[in-house]
Structure formats: structure tokens, C-alpha cells
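S.K.: One structure, as C-alpha cells, below. Some questions next.
The values are calculated or read from the model by the stated rules, or taken from the named source; none is laboratory data. Since the model is a prediction, treat every value here as computed from it, not as a measurement. What goes into the accessible areas is simple: the full protein's heavy atoms, side chains included, and nothing from ligands, DNA or RNA. Shrake-Rupley method; radii C 1.70, N 1.55, O 1.52, S 1.80 Å.
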Amino acid sequence: MRILDAAVMCFAADSDASMDDVAKAAGVVRRTVYAHFPNREALVEGIVDDASTALAEALDHPEPDDPAVALAVVALRTWPIGDRYRVLLSFARKEMGEQRIAELVSPVRSRVLGHVERGLAQGQLSDYLPAPVLVGMMEGLTMATLEQANLGLVDDSGDTIVLGNLVLGGVSPDRAPGILAEARRWLQAAARQGLAEAGSGDGGTEPR
């Protein structure tokens, strides 16, 4: 929706942006914004709902069997969404509370926890900490990296968070770049297969 796109842009530039500012950025009159979102709180909630839908769509795909590569794939798929909606970190916590943000990232947390538990069971990740603690640290690192992106200190397409999460999970720093490269190759193969299936009209699954 054009209004939500405008709101993300406005709040990224100024967390105190008004509904009038959003209307101007969207190229609509003020009453059009209020017809969809009766107040600022509803508009912020609309952005959160939009981000939640995008995350759900990003997770609605097969993932590699290798848990370390799967961790990297999840991060690469969800980073663009986090990058787009990182404005939420600057003001939605204050306006909506920590619990709403926790609900937003819950599906990603559950998916990552599953991969970490498999990685621990297979000996690919280190058991120096329990899986839920490792996942909490990975989530914290992701949030911190998004904050750094807000400051213009991170501008890659997910590499930083993938490497950080892998190292947190116990992957050696010299091995982590290879896993990142493998994840990118897997995603490229999945995209090619998806295009081929769309062209032929056949169903199927992504590479495993």
C-alpha cells in the first residue's frame, strides 16, 4: 500500500513525522490516510502487520538440510525485510512496547531455534550455551546490526549478520564465509528452479 510505504519512509527520516507528513509523501489528501488508519497508533500497527506478513512469506519456503547453511539462508531471506522495516526499532518499541516487537519476530525465532537445535545435535554448532540462549544472542545481534544500519555503518545484503550468527553458534570465523557462500549458491539454485517451474507450470520443491 502506498500509504504504508510513505509512512516507512517518513518515520525513517523523522520518528515524529505527522499523519500530514505521511499524506504528503504518499501523494494523497489527509482524509485518505485517516480513512485507512484513524490515528498514528493504527498506522504504526499497519507497518508492523505489513512487516509480519513479509516475514511470514519469507519463511514460507523449503530450507537446506544442513542446519548451518539453513541458518544462513534464513538470515539472508529475512535481512531485506529487517532492513526495510528497521525504522520499527527507532520508534515502534516506544509506541507499541517490547511485547509487540517480540511477537513480530517470534516466527523467525522459532525457525532459527529449530536449526540451532539440529546443529547442536549433529555437532555442527557448539554446545557452550543452551540453544534458546544462543538464539536469544543471535536475535540481539540482529537487532544491534539493524541499529548499525540505521547509522549507516552496515550496508551489505545480510553478510554481516550471517557471519555474526554463525560465529555465535560456534562456527569458526575461517569456516563461516564458506557457509555464507554455500547459502547464497543454494538460494540462487532455488531461484532458478522456481523460475523453471513457473515457466513449465509444474509444481515442486526447492533444492535440498
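S.K.: When the convex hull of the C-alpha atoms of segment 35-120 is computed, what volume per residue in Å³ does it have?
M.R.: 91 Å³
S.K.: Turning to a different aspect of this structure: What do you reckon, how do Y34, Y128 stack up by accessible area (1.4 Å probe), largest on top?
M.R.: On the way: Y34 80, Y128 115 Å².
Sorted descending by solvent-accessible area, the residues read Y128, Y34.
S.K.: With a 1.4 Å probe and all protein chains in place, put R100, R192 in order of accessible area, largest first.
M.R.: My answer, sorted largest first, is R192, R100.
S.K.: What's the long-distance tail for segment 108-190, i.e. % of Cα pairs beyond 17 Å?
M.R.: The share of Cα pairs beyond 17 Å in segment 108-190 comes to 51 percent.
S.K.: Grab the DSSP H runs of the chain that are 4 residues or longer, score each as -39,500 (n - 2.57), total them, divide by all residues and round the 222 nm result to the nearest 500 deg cm²/dmol.
M.R.: Using -39500 (n - 2.57) per qualifying helix, the result is -24500 deg cm²/dmol.
S.K.: Sticking with this one: Starting from the Kirkwood Rh over alpha-carbon pairs, what translational D in µm² s⁻¹ does the chain have by Stokes-Einstein at 37 °C and 0.692 mPa s?
M.R.: Answer, rounded: 177 µm²/s.
S.K.: Follow-up question, since we're still on this one. Ordered by residue, what ³J(HN,Hα) values in Hz, to whole numbers, does segment 55-61 give under the Karplus form 6.51 cos²θ - 1.76 cosθ + 1.60, where θ = phi - 60° and Gly and Pro are x?
M.R.: For segment 55-61, the Karplus-derived couplings read 5, 4, 5, 5, 8, 8, 8 Hz, x marking Gly and Pro.
S.K.: Moving to a separate point now. Ignoring any ligand, DNA or RNA, what whole percent of the accessible area of segment 69-128 comes from carbon and sulfur when the probe is 1.4 angstrom?
M.R.: 51 percent
S.K.: Sticking with this one: If you count only protein heavy atoms and use a 1.4 Å probe, how large is the accessible surface of H61, to the nearest 10 Å²?
M.R.: 80 Å²
S.K.: Here's something else I'd like to know. Suppose all protein chains stay in the model; what accessible area per residue would a 1.4 Å probe give for segment 1-91, in Å²?
M.R.: Ligands and nucleic acids excluded, the figure is 45 Å² per residue.
S.K.: Can you tell me, using C-alpha contacts under 8 Å and at least 6 residues apart, the relative contact order of segment 24-180 as a whole percent?
M.R.: 26 percent
S.K.: In the full protein assembly as shown, how much of S157 is accessible to a 1.4 Å probe, in Å² to the nearest 10?
M.R.: 70 Å²
S.K.: Whole number in Å², please: accessible area per residue of segment 109-208, 1.4 Å probe, ligands, DNA and RNA not counted.
M.R.: On a per-residue basis, segment 109-208 sits at 55 Å².
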